[in-house]
Amino acid sequence: MPAARTYITADTHFGHEEAIELFDRPFPNAAAMDDAYVEAINAAVGPRDRLIHLGDFTGPIRPRRRLVEHAAEIRARIRCRRVELVAGNHDPIDRREFRKLFSRVDELRSWKDDQGLRIVLCHYPLRTWQGRLKGAVHLFGHAHGALADEGRSGDVGVDVRGIAPIELERLVSEFSARSIGV
């Protein structure tokens, strides 16, 4: 059996009708957008793999109860058992029902991989991050392509990298080959 892999995505804004126009997405409505993103996740990420979502899982749906319900409906359609969230500004992590949808919820995540390279994940782009001057990689969402990648830091959201989640190992390899950029 192949080893479980880790994938990254950000800024799906499930259920957020306005995201289509705001971010120039090629969908007729939020339901079609949701379907495309869920299909892309399920095609790329296996049931035993891990998906780390870098925030804005859903959009600003009101009332918040409906946002949590929609997130639960989407989460039930994603076959991957381990979906972790690095929370964004539209994620109601103060709601227990929302947090329970994910295997893990953080506001920022930082660790060293097997080769000792630090990886920093945050919904927001950071100007500086733990280990930056030692070559750490910083992956973020939130900007929807409005900020250029800088050094070993870059936007990995669906509006920049395409709708399918990307394997973390591939992203780390790509970003760690870049200049540190002081």
* In the range 162-172, the residues that are in a helix (DSSP H, G or I) and either modelled with pLDDT under 95 or surrounded by 19 or more Cβ atoms within 10 Å (Cβ to Cβ) (or both) -> LEU168, LEU171, VAL172
* Any idea which of ASP24, ASP91, ASP49 is crowded, with 16+ Cβ neighbours inside 10 Å, acidic (Asp, Glu) and either touching a helix residue (DSSP H, G or I) at 6+ places or on another chain (Cβ under 6 Å) or closer than 18 Å to ARG161 by Cβ (or both)? -> ASP49
* To do: Examine the range 86-107 for a residue that is aliphatic (A, V, I, L, M), without any contact (Cβ under 8 Å) to a residue 12 or more places away in the chain and within 21 Å of ALA31 (Cα to Cα), and state whether such a residue exists.
  => no
* Can you tell which of VAL137, VAL158, VAL86, VAL120 is surrounded by 14 or more Cβ atoms within 10 Å (Cβ to Cβ), of a type in the set (Val, Ile, Thr), modelled with pLDDT of 95 or more and under 21 Å from ASP35 (Cα atoms)? -> VAL158
* Structure fact -> ARG66 meets each of (1) in a loop (DSSP other than H, G, I, E, B); (2) touching a Gly at 6+ places or on another chain (Cβ under 9 Å) with one exception, condition (1)
* Quick one: ASP114 ticks every box in (1) touching a Leu at 6+ places or on another chain (Cβ under 8 Å); (2) among the acidic types (Asp, Glu); (3) over 30 Å from ALA72 (Cβ atoms) bar one, so which box is it? -> (1)
* Asked: Checking ALA40 against (1) surrounded by fewer than 21 Cβ atoms within 10 Å (Cβ to Cβ); (2) small (Gly, Ala, Ser); (3) assigned to a loop (DSSP other than H, G, I, E, B); (4) in contact (Cβ under 8 Å) with a residue 24 or more places away in the chain, which test does it fail?
  -> (3)
* Would you say ILE180 is more than 20 Å from ASP24 (Cβ to Cβ), surrounded by fewer than 18 Cβ atoms within 10 Å (Cβ to Cβ), touching a residue at least 24 places away in the same chain (Cβ under 8 Å) and of a type in the set (Val, Ile, Thr)? -> yes
* Which condition breaks for ALA148 when tested against (1) surrounded by fewer than 19 Cβ atoms within 10 Å (Cβ to Cβ); (2) closer than 15 Å to GLY55 by Cα; (3) not polar (S, T, N, Q)? -> (2)
* Asked: Which of the residues spanning the range 1-34 are modelled with pLDDT of 95 or more, over 21 Å from ILE93 (Cα atoms) and either small (Gly, Ala, Ser) or in contact with a Lys or Arg (Cβ under 9 Å, 6 or more places away or on another chain) (or both)?
  -> ARG5, THR6, TYR7, ALA30, ALA31, ALA32, MET33
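The values are calculated or read from the model by the stated rules, or taken from the named source; none is laboratory data. Model, not experiment: these values are computed from the prediction. As a convention, Cβ positions derive from the backbone with ideal geometry for all residues, glycine included, and neighbour counts pool all protein chains shown.
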